[in-house]
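FYI, it's all coordinate maths here, none of it is from the lab. All of these numbers come straight from a predicted model, not from anything done at the bench. Neighbour counts run over all protein chains shown; Cβ positions are idealised from the backbone, glycine included.
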Ligand code: CP
Ligand code: NVA
């Protein structure tokens, strides 16, 4: 059974299939055509971290597909009081049709998937945020930036940077990552991405110079300098990331029609200036809306694969 735990588990053709499905369902939704692709199905949504977009988009998405979402905060379910992940998986996956999890270690997500009878979707871990990257790619397609783009990621070598590495290395485009010393991407993830890049022709570049990364690029992106779970490091991080803000001076080195993406939430005057953020607000909030559409594509795709393997539940 296929899960959606990281982008590295998919071929380029599969990722593009999900994007095409997302675009089709978005078009239908905009025309108020609510096709019940997942009629009577329930999506369990386990959250061990906060969320605005992930919760609203998955809950609305499954509803618009004819199903229902169950919001399961670890503050309220027995998982938060120490019930093992594998027992939680064995219970919940007997009752629902698909599960989305936002948690800390990628290994916790993998443990759940190992014991789950239904497809599991990564709604963000410390290592990856793959549904966000599918969203970002859908947004690039819509804004005409998906054809051999050069993308610059400025900031922390975190879950977003890792997911950009997987997207670029699978799809075969150029990604330049500029991080401060001490905040580079995980070496194992980089090595895996480099191996995929050899096959796809992707160019992956790493450095500490935001200007070098941004020069002549089509897409500029960044993320918070203090991810969920790193609150205690905040003071140190704000010092270490000085000089890595994406502002109009830095954007001036990109192509004149470059777009700026941000997964949100954004912290103005830290990773992005107020001016740059507001200048690109239309793209940024289309990107936020696209969480809804991209994830519908992923859920419908996973359900179709599951039906192929274990038979339709309809
Ligand atoms: N971008 C993103 O995942 O947002 P939330 O944390 O609000 O879900
Ligand atoms: N890197 C951020 C992404 C938030 C959507 C975090 O993990 O908190």
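Each peptide in 287-300, 178-191, 141-154, 221-234 was scored by the mean count of other Cβ atoms within 10 Å over its residues; highest first, the order is 287-300, 141-154, 221-234, 178-191. Kirkwood analysis of the Cα pair distances in region 80-211 returns a hydrodynamic radius of 16.1 Å. Derived from the Cα gyration tensor, the three semi-axes of the equivalent ellipsoid of the chain are 31, 22, 18 Å, largest first.
Applying 1/(1 + (r/R0)^6) with r as the Cβ-Cβ distance of residue 76 and residue 255 and R0 = 45 angstrom yields a FRET efficiency of 0.40. Assuming a ≥ b ≥ c are the square roots of the Cα gyration tensor eigenvalues, decide whether region 184-314 counts as rounded (a/c under 1.5), prolate (otherwise, with a/b larger than b/c) or oblate. It is prolate, given that a/c is not under 1.5 and a/b is the larger ratio. Modelled this way, with points 7 Å down the Cα-to-C-beta line, the labels at residue 114 and residue 310 are 1.8 nm from one another.
Label sites at residue 56 and residue 27, each approximated as a point 7 angstrom past Cα along Cα to Cβ, lie 2.7 nm apart. The value of relative contact order for the chain, using C-alpha pairs under 8 Å at least six residues apart, is 20 percent. From least to most packed, judged by other beta carbons within 10 angstrom and beginning with the fewest, 27, 203 follow the order 27, 203.
Cβ-Cβ distance of residue 242 and residue 142, R₀ of 41 Å, FRET efficiency by 1/(1 + (r/R0)^6): the value works out to about 0.75. Footprinting exposure proxy ranking of 75, 176, fewest other C-beta atoms within 10 angstrom first, gives 75, 176.
Ranked by the mean number of other Cβ atoms within 10 Å per residue, highest first, peptides 246-253, 113-120 order as 113-120, 246-253. Computed from Cα positions, the angle between helix 281-310 and the longest principal axis of the chain comes to roughly 40 degrees.
The length gained by stretching the chain between residue 275 and residue 95 to full extension, at 0.36 nm per residue less their Cα-Cα distance, is 60.0 nm.
For the chain, the longest principal axis of the C-alpha atoms and the axis of helix 187-200 are separated by about 90°. Extending 7 Å from the Cα toward the beta-carbon at both residue 191 and residue 285 defines two label points whose distance is 4.5 nm. Overall shape: prolate for region 1-139, with the ratio a/c of the largest to smallest alpha carbon gyration tensor axis at 1.5 or above and a/b above b/c. Compared with the direct C-alpha span, the chain from residue 199 to residue 232 gains 7.9 nm at full extension, assuming 0.36 nm per residue.
Can you put 101, 19 in order of Cβ neighbours within 10 angstrom, beginning with the fewest?
Sorted ascending by nearby Cβ count, the order is 19, 101.
Share of pairwise Cα-Cα distances greater than 20 Å in region 135-231 is 32 percent (whole percent).
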